[in-house]
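Step one of this worksheet: look at the structure below.
The values are calculated or read from the model by the stated rules, or taken from the named source; none is laboratory data. Fair warning: this is a prediction, and the values are worked out from it, not measured in the lab. Every residue, glycine as well, gets a Cβ built from its backbone with ideal geometry; the counts of neighbours run over all protein chains shown. For accessibility, only protein heavy atoms count, side chains too; no ligands or nucleic acids. Shrake-Rupley method; radii C 1.70, N 1.55, O 1.52, S 1.80 Å.
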Amino acid sequence: MIDLLSATKRYGDTAAIDRLTLHLSEKKIYCLLGRNGAGKTTLMNLISGKIRADEGKVMVDDERVTTLNMPESVRYIEAAKPQFNMRVSELMKLAAGVDDKFDADFADRMVDKFRLERHKKYKSLSFGMKTMVTTIISLASNSEIVLLDEPVLGFDAVMRKEFYDLLAESYENHPRIIIVSTHLIDEIAGIAEKIIAIDSGKLLFYEDINDVIEKSYKLSGAEDDVKHATANLNVVANEKIGKFAVAYVFDKRMAPQENVEVENLSLQDLFVKMVEGKN
Amino acid sequence: MKKYTTVAKINFRYTTWIAYLVAGICAAAMIVDTIIDKSMGMTGDNAISYYSMLYLICIMAPIFIASINYSRHINIGVKKKAYFYGCAINYVVFAAIISLCGVIETFLIDPYLTSDGYQIYGLVKVFGWDSNVFTAFFSQFAFLLLVESVLHTFTFIQDKWYGWLADVIVVVIISVFTPIPALRQVETAFFNLIIFSAPVAQIFTCLLLAAAVYSTNLVYLKNKIS
């Protein structure tokens, strides 16, 4: 269980995480969505205890997270950070050595499945393969909370598909809280159950992914009609072309109307419009 | 415990190999020198004991351990506490093995090599820890552990302002204390305590100081970002 209570983390004058309150208790796959610099990595660092909150509290399993008492139930390996330049097989052994809950058989199967060459040293792997190694290490951990920061960075479309299969298999084998930060929200929407969207260190929304899909749509038509139709709705962004208007809505689904056209909005578009509208 | 030993194993294998290499080369050079001296029947020469070269490990290893691979440890999933205790295992093992080598050489090898006019000097003899094997082992062990903890701590905090401040304080102590007789006495008393005092006092002081100095790493680790 993860609880952030008005947690704030500043770097100089900039608040990377700004009075963020969040409660995650269900074993699900969560998608952490945010622009570059939105605070995703800082949030993961706070949960894992790699850094400490300047204000507020971060709790994992009802215990306050400190940088010295990093929660044992959290597994967070940053793909972009350096690793020991060992053979892939040695790196897996090492990961097993520092994690009591490491599933070596799962890791072994995944190394085979993704055709990672065990004898190759980490530095000699391609960028995508390096990311895959750290992702496998993270997912092979049966820790109760697994954090994956941009796990598909450098992956081609095939590898991304394979990653989502891997993620689903890992979750099926051992349901737990898995938080995946990514920009490719539409791709992960198939397996993630909840979305945590943040921007400038603040929570934009935290909702069930199906609810978000249901609540995301756009209305287009004559400006006055659109204005009238959206009078009581949460409009995240507006566009105007002459007298024609488009309103991007994140609210309860409205009934079809004669003068305005209702279209579904992809999660990616919703997020972009939300951030644009906010800025 | 497995986590701690894993950290220690990584350090033994991947972080400190340069220290073994340097110490090994130096020790090998000294052994070759002795063989040449002995085979040519040279007398009247003095030599430094081989195990002295192993002290290089105690000096270099903490510098390497504290300055490289911390991020890699944390990024493979090592928790900060495990890193702290894992490194401590490294230092205890280094100090124990090198002390054991020192005892073996001082009591078994050096007497065999020493002859008229050919003397071998090692820290155990120079510091007067050679009264018996236990004193030789534990005095050396405690002293080496203190050296390792001080070097680890100083190296570890160099990326913070207080690291630089600590450097300045050490330089100031050495340069101010040494020329002033009254302060020099304080300095002398300190070194007497950690080196030349009665075995129990010397061992106890070194172990206590080593633990105190090494514990300060916990404060620094709190804020260290991988």
For segment A:123-138, Karplus-derived ³J(HN,Hα) couplings (6.51, -1.76, 1.60; θ = phi - 60°; whole Hz; x for glycine and proline) come out as 5, 8, 7, 6, 4, x, 5, 4, 4, 5, 4, 5, 5, 4, 4, 5
Accessible area (Å², 1.4 Å probe, nearest 10) - residue B:9:
140 Å²
Result for chain B: accessible area per residue, probe 1.4 angstrom, in square angstrom, of 50 Å²
Explain nothing, just the number: dipole magnitude of segment B:61-154 about its Cα centre with +1 on each Lys and Arg Cβ and -1 on each Asp and Glu Cβ, in debye rounded to the nearest 20.
720 debye
What is the spin-label model distance, in nm, from residue B:166 to residue B:220 if the labels are put 7 Å beyond Cα along the C-beta direction?
0.3 nm
Cα lying deepest toward the dipole's positive end in the protein assembly as shown, options B:183, A:23, A:34, charges on Cβ
B:183
If R0 = 30 Å, then residue A:202 and residue A:263, at their Cβ-Cβ distance, give a FRET efficiency to the nearest 0.05 of 0.60
How much mean residue ellipticity at 222 nm does chain B get from its helices, if each DSSP H run of length 4 or more adds -39500 (n - 2.57) and you divide by all residues, to the nearest 500 deg cm²/dmol?
-23000 deg cm²/dmol
40 Å tail of the calculated P(r), the protein assembly as shown, as % of Cα pairs:
41 percent
Protection proxy ranking, peptides B:90-100, B:159-169, average beta carbon neighbours within 10 Å, highest first
B:90-100, B:159-169
For chain A: relative contact order, % (alpha-carbon pairs under 8 angstrom, 6 or more apart)
20 percent
Which pairs in the list A:57/A:123; A:28/B:79; A:273/B:79; A:28/B:160 are over 32 Å apart, alpha-carbon to alpha-carbon?
A:57/A:123; A:273/B:79; A:28/B:160
Just the number please: accessible area per residue for segment A:212-277, 1.4 Å probe, all protein chains included, in Å².
57 Å²
For chain B, set up a Gaussian network in which alpha carbons nearer than 10 Å are linked by springs, and say which option among B:112, B:14, B:121 fluctuates the most.
B:112
Using a 1.4 Å probe on heavy atoms of the protein chains only, the accessible area for residue A:5 in Å², nearest 10, reads 80 Å²
Of A:272, B:36, A:159, which is farthest towards the positive pole of the protein assembly as shown's charge dipole, taken about the Cα centre with +1 and -1 on the beta-carbons of Lys, Arg and Asp, Glu respectively?
B:36
For chain B, which whole percent of the accessible surface, found with a 1.4 angstrom probe, sits on carbon and sulfur atoms?
76 percent
Can you quote the Å³ per residue value for the convex hull of the Cα atoms in segment B:2-223, rounded to an integer?
141 Å³
Rounded to the nearest 100 Å², the accessible area buried between A and B, both sides, probe 1.4 Å, is 2500 Å²
Could you bin all the Cα-Cα distances of segment A:16-170 into 5 Å bins starting at 0 and give me the percent of pairs in each, rounded to whole numbers?
1, 9, 18, 21, 20, 14, 10, 5, 1, 0
Over its Cα atoms, what ratio of radius of gyration to 2.2 N^0.38 Å does chain A give?
1.12
Ordering A:261, B:187 by how much accessible area each has at a 1.4 Å probe, largest first, what is the list?
A:261, B:187
Work the Kirkwood hydrodynamic radius out for segment B:149-203: mean of 1/r over every pair of different alpha-carbon atoms, inverted, in Å.
12.8 Å
Theoretical ellipticity at 222 nm over chain A - DSSP helices of four or more residues, -39500 (n - 2.57) apiece, nearest 500:
-9500 deg cm²/dmol
For segment A:1-122, dividing by residue count, accessible area per residue (probe 1.4 Å) in Å² works out to 45 Å²
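Could you give the dipole magnitude of segment A:123-279 about its Cα centre, charging the beta-carbon of Lys and Arg +1 and that of Asp and Glu -1, in debye to the nearest 20?
420 debye
What's the carbon and sulfur percent of chain A's accessible surface, probe 1.4 angstrom, rounded to a whole number?
47 percent
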Quick one: order B:64, A:244 from most to least accessible surface, probe 1.4 Å.
A:244, B:64
Using a 1.4 Å probe on protein heavy atoms, which residues of segment A:97-128 have at least 30 Å² less accessible area in the complex than alone?
A:97, A:98, A:100
Just to be sure I understand the model, the point goes 7 Å from the Cα along the line to the Cβ. What's the resulting residue B:132 to residue B:184 distance in nm?
3.7 nm
